[in-house]
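*Asks:* Once you've had a glance at the structure underneath, I'll fire off some questions.
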Amino acid sequence: MQDIVSAQDVLTEFVPVPEWGGDVAVRMLTGLERDAFEAALVKVDAEGKRTPDLSNLRAKLAAACMVDPVSGDRLFPDENLSQLAAKSATALDRVFKVAQRLNGMGDVEAVGKSSAAAPSGSSTSA
């Protein structure tokens, strides 16, 4: 168990973003962070109905993965997401694609759709 806990398995990659004046550190998500990201792609209404929420998708993933290379702190906490979403789509997409690759995410849009399609009640299978 200790070997797993002490393993340095969250990798960081530097992405050139000339529109922003240099490189940005993009790192893998932890299990907890990935779950939070995926949960942010689904809205649940008062009746418990789940629907996809793909608003600011690229900014959500980029914000979750862009970190200060020294401290490891996120550059854009959730409350600053709109500021990141207002930046160049080209630059944001470049960071998004690296974050997507680092985290083994194929079609991120499908995450919200499949989560929304999950049954909210009990199973009817025998």
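The values are calculated or read from the model by the stated rules, or taken from the named source; none is laboratory data. Since we're looking at a predicted model, the values are computed, not measured. Cβ placement follows ideal geometry from the backbone for every residue including glycine, while neighbour counts extend to all protein chains displayed. Accessible surface is based on the protein model in full, side chains and every heavy atom, while ligands, DNA and RNA are left aside. Shrake-Rupley method; radii C 1.70, N 1.55, O 1.52, S 1.80 Å.
*Asks:* List the aspartates and glutamates whose Cα lies under 13 Å from the Cα of LYS43, skipping any in the same chain that are fewer than 8 positions away.
*Replies:* ASP53
*Asks:* Tell me, what is the 1.4 Å probe accessible area of LEU32, in Å² to the nearest 10?
*Replies:* Near enough 150 Å² of accessible area.
*Asks:* Further question on the same structure: Based on C-alpha coordinates, I'd like the Rg and Dmax of region 12-88, in Å.
*Replies:* Just the Cα atoms of region 12-88 yield Rg and Dmax of 14.0, 46 Å.
*Asks:* Positive end of the charge dipole of region 1-55 (Lys, Arg +1 and Asp, Glu -1 on Cβ, about the Cα centre): tell me which of VAL17, VAL5, THR30 has its Cα farthest that way.
*Replies:* THR30
*Asks:* So what does SER82 come to for accessible area, using a 1.4 Å probe and Å² rounded to 10?
*Replies:* In the full protein context, SER82 sits at about 80 Å².
*Asks:* Report the accessible area of THR12, computed with a 1.4 Å probe over the heavy atoms of all protein chains in place, in Å² rounded to the nearest 10.
*Replies:* Rounded to the nearest 10, the figure is 70 Å².
*Asks:* Just to confirm the filter: which GluC sites (Glu not before Pro) across region 17-93 are DSSP coil and have at most 12 other Cβ within 10 angstrom of their Cβ?
*Replies:* Sites meeting the loop and neighbour criteria: GLU47.
*Asks:* For region 40-97, give the percent of accessible area contributed by carbon and sulfur heavy atoms, probe 1.4 Å, rounded to a whole number.
*Replies:* Carbon with sulfur: 50 percent of the solvent-accessible area.
*Asks:* Shifting gears a bit: If DNA, RNA and ligands are ignored and the probe is 1.4 Å, what is the ranking of ASP73, ASP68, ASP3 by accessible area, most exposed first?
*Replies:* Working: ASP73 95, ASP68 55, ASP3 130 Å².
Descending accessible area places them as ASP3, ASP73, ASP68.
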